[in-house]
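For reference, the structure is listed below as structure tokens.
The values are calculated or read from the model by the stated rules, or taken from the named source; none is laboratory data. Keep in mind the model is a prediction, meaning the values are calculated, not measured. Cβ sites come from the backbone with ideal geometry, for glycine too, and all protein chains shown count toward neighbours. Remember, those area values only see protein heavy atoms, side chains included, never the ligands or the DNA or RNA. Shrake-Rupley method; radii C 1.70, N 1.55, O 1.52, S 1.80 Å.
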Amino acid sequence: MLIAFEGIDGSGKTTQAELLSKRLREKGFPNEVVREPGGTKLGEGVRELLLHRTDMKIDPVTEFLLFSASRAQLISERAIPLLNSGNVVILDRYYYSSIAYQGFGRGIPVKDVESVSRFATHEIVPDVVFLVKLDVETALQRRLLAGRSADRMEDAEVKFFEKIIEGFSYCARKEPKRFVIVDGKDSVQSMSDKILDEVLYRIKKVAEERNAP
């Protein structure tokens, strides 16, 4: 099973991805969490370039293609072998982030982002996507309280992140059966319980379909 977590920075998606991993292991489901960009030697290099090199201006198309290259390497090097060996793979971001950030945020035509993203990921789509929805102001407050310094992507105007939220909403509307929306203002435990219940339900459903005559 391939699971993706999406949401703006500060929404709590990374915390929920790690919690799901821990709780699935406790129930006997082997799994790995991989982050985007990153997860491979090449991907971590791209991550450093994209998120922390504030001394250079990166063209939006270049930015998108770098994210896509990192994603392609992650899928071929890590995700596919893990899935083939029976592991649950949990993605901390997937190509929906490119639709939201580079498509809606940077203004690259969404149809082009979607087309390149499908090519880069071998047409592999998640079984379920958890979209942790949170308003920009609350996300920024959380980041400040946590003492986090902003990376290049986070250090943007509020209007930019409002476009990102619009992009994620577009993805959820387009694939309503794949997306599960989680309220980012709920408690960490409440969100985790909802996410775990949904994943276990989908695992059971897949097992029943495979065993059906």
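Only residues that are assigned to a loop (DSSP other than H, G, I, E, B) and of a type in the set (S, T, N, Q): list them for the stretch 84-114, please.
Correct list: 85, 87.
Condition check ((1) at negative phi; (2) among the charged types (D, E, K, R); (3) modelled with pLDDT of 95 or more) across all residues:
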| site | (1), (2), (3) |
| --- | --- |
| 7 | no, no, yes |
| 19 | yes, no, yes |
| 31 | yes, no, yes |
| 51 | yes, no, no |
| 74 | yes, no, yes |
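Counting only residues that are in contact with a Lys or Arg (Cβ under 9 Å, 6 or more places away or on another chain) and of a type in the set (A, V, I, L, M), which one in the stretch 138-179 is modelled with the lowest pLDDT?
Selected residue: 150.
Could you look through the stretch 100-128, keep only residues that are among the β-branched types (Val, Ile, Thr) and in contact with a helix residue (DSSP H, G or I) (Cβ under 7 Å, 6 or more places away or on another chain), and pick out the one that is surrounded by the fewest Cβ atoms within 10 Å (Cβ to Cβ)?
124
Any residue that is touching a Ser or Thr at 6+ places or on another chain (Cβ under 9 Å), surrounded by fewer than 21 Cβ atoms within 10 Å (Cβ to Cβ), closer than 24 Å to residue 2 by Cβ and among the hydrophobic types (A, V, I, L, M, F, W, C) - is there at least one of those in the stretch 65-88?
The answer is yes; a qualifying residue exists.
Residues in the stretch 23-60 that are without any contact (Cβ under 8 Å) to a residue 40 or more places away in the chain, exposed (fewer than 14 other Cβ atoms within 10 Å of the Cβ) and either over 24 Å from residue 103 (Cα atoms) or aromatic (Phe, Trp, Tyr) (or both): how many?
Matching residues across the stretch 23-60 total 4.
Please go through the stretch 115-139 and give me each residue that is part of a helix (DSSP H, G or I) and under 21 Å from residue 47 (Cα atoms), ordered by number.
The answer is 116, 117, 118, 119, 120.
Among the numbered criteria (1) in contact (Cβ under 8 Å) with a residue 40 or more places away in the chain; (2) touching a helix residue (DSSP H, G or I) at 6+ places or on another chain (Cβ under 8 Å); (3) of a type in the set (D, E, K, R); (4) open to solvent by less than 70 Å² (accessible area, probe 1.4 Å), which single criterion is violated by residue 133?
The single condition residue 133 does not satisfy is (4).
Inside the stretch 175-195, can you point out the residues that are part of a loop (DSSP other than H, G, I, E, B) and not polar (S, T, N, Q)? Explain how you work it out, then say what you get.
Just the residues of the stretch 175-195 that are part of a loop (DSSP other than H, G, I, E, B), to begin with: 175-178, 184-187.
Hits for the stretch 175-195 are 175, 176, 177, 178, 184, 185, 186.
Can you tell me which residues in the stretch 2-22 are open to solvent by less than 50 Å² (accessible area, probe 1.4 Å) and within 20 Å of residue 74 (Cβ to Cβ)?
Of everything in the stretch 2-22, those that are open to solvent by less than 50 Å² (accessible area, probe 1.4 Å) and within 20 Å of residue 74 (Cβ to Cβ) turn out to be 2, 3, 4, 5, 6, 7, 9, 13, 16, 17, 20, 21.
Within the stretch 79-89, is there a residue that is modelled with pLDDT of 95 or more and touching a Phe, Trp or Tyr at 6+ places or on another chain (Cβ under 9 Å)?
Yes.
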